[in-house]
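What follows is one structure encoded as structure tokens, with my remarks underneath.
The values are calculated or read from the model by the stated rules, or taken from the named source; none is laboratory data. Computed from a predicted structure; not experimentally measured. Using ideal geometry, Cβ is built from the backbone for each residue, glycine included, and neighbour counts are taken over all protein chains shown.
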Ligand code: PEP
């Protein structure tokens, strides 16, 4: 019932030449049985969207401001991201929570604006290593989930990504039992808050060092509806096998 989603986050990587990887990805997946989303840096959204206009691949932003327009030098708004050709936006990535002091309350405001604009928000949650070692993972996830996800969330406009901070870019991954515990917990909380219609329709992605060689095991975990992939989404030769493992 939930369509699987393979989402790539290029982060602050990619000059125009990198669009050849996106072109190769579109060629490799002309008719995928899963959704594919690529989130390049904002500078490439217009060209990326034009490149995949005839392909099922969707383009997303990596952040947006909570307001539509105004005096916010250097920021990009949800309407701007949509106007550039994107359909989605990543919000609350741990690198933004950490490097830009983003709170869950701010992320909720951004998600509200994204929803009002018609963008799908991919809202990221995740615990630090210290929080996991202190057995606080589920408390942290519960807090981030309830505050970051706005009341406007539906299965059509919201995706939740569980990304343990200690697994991002490190080559470390939680065990499949640990991933399943958190995903089942998120699902239960969403059903409790939104009812089973919406709660069961919001897709849950796992993110953190997903690679071609561990993707199939991760995708077999209950309530894992796909992945948010960083490093391995930069090259078609790495991202394609992950997409294939999800199909
Ligand atoms: C990410 O940036 O969201 C991510 C999961 O990165 P990586 O796949 O490189 O760990």
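Residues to consider are 193, 187; find the one that is under 18 Å from the mean Cα position of the chain (by Cα), more than 21 Å from residue 40 (Cβ to Cβ), surrounded by fewer than 21 Cβ atoms within 10 Å (Cβ to Cβ) and more than 16 Å from the ligand (Cβ to nearest atom).
The unique qualifying residue is 187.
Scan (1) surrounded by fewer than 19 Cβ atoms within 10 Å (Cβ to Cβ); (2) on the phi < 0 side of the Ramachandran plot; (3) at pLDDT 95 or above for the single condition residue 221 breaks and write down its number.
Condition (1) is where residue 221 drops out.
Condition first: within 14 Å of the chain's Cα centre (by Cα), within 16 Å of the ligand (Cβ to nearest atom) and part of a loop (DSSP other than H, G, I, E, B). Can you find one or more residues in segment 106-127 that meet it?
yes
Are any of the residues in segment 231-239 touching a strand residue (DSSP E or B) at 6+ places or on another chain (Cβ under 7 Å), closer than 19 Å to residue 123 by Cβ, more than 14 Å from the ligand (Cβ to nearest atom) and not in a strand (DSSP E or B)?
No: zero hits.
Filter segment 69-105 down to residues that are at positive phi and surrounded by fewer than 19 Cβ atoms within 10 Å (Cβ to Cβ) and give me whichever is nearest to the ligand (Cβ to nearest atom).
Looking at residues that are at positive phi and surrounded by fewer than 19 Cβ atoms within 10 Å (Cβ to Cβ), I get 101.
Quick one: is residue 24 under 17 Å from residue 240 (Cβ atoms) and not in a strand (DSSP E or B)?
yes
Write out, first by first residue and then by second, each pair whose Cβ atoms fall under 7 Å of each other, whose residues are 6+ apart or on separate chains, and whose first residue, in segment 164-175, is over 9 Å from residue 129 (Cβ atoms) while the second is within 7 Å of the ligand (Cβ to nearest atom) and assigned to a helix (DSSP H, G or I).
169/231; 173/167; 174/167
Please indicate, with yes or no, whether at least one residue in segment 62-80 is over 18 Å from residue 10 (Cα atoms), in contact with a strand residue (DSSP E or B) (Cβ under 8 Å, 6 or more places away or on another chain), in contact (Cβ under 8 Å) with a residue 24 or more places away in the chain and part of a loop (DSSP other than H, G, I, E, B).
Checked against the condition, which is being over 18 Å from residue 10 (Cα atoms), in contact with a strand residue (DSSP E or B) (Cβ under 8 Å, 6 or more places away or on another chain), in contact (Cβ under 8 Å) with a residue 24 or more places away in the chain and part of a loop (DSSP other than H, G, I, E, B), segment 62-80 yields at least one hit.
Quick one: residue 109 ticks every box in (1) touching a helix residue (DSSP H, G or I) at 6+ places or on another chain (Cβ under 9 Å); (2) without any contact (Cβ under 8 Å) to a residue 60 or more places away in the chain; (3) surrounded by fewer than 21 Cβ atoms within 10 Å (Cβ to Cβ) except a single one, so which number is it?
(1)
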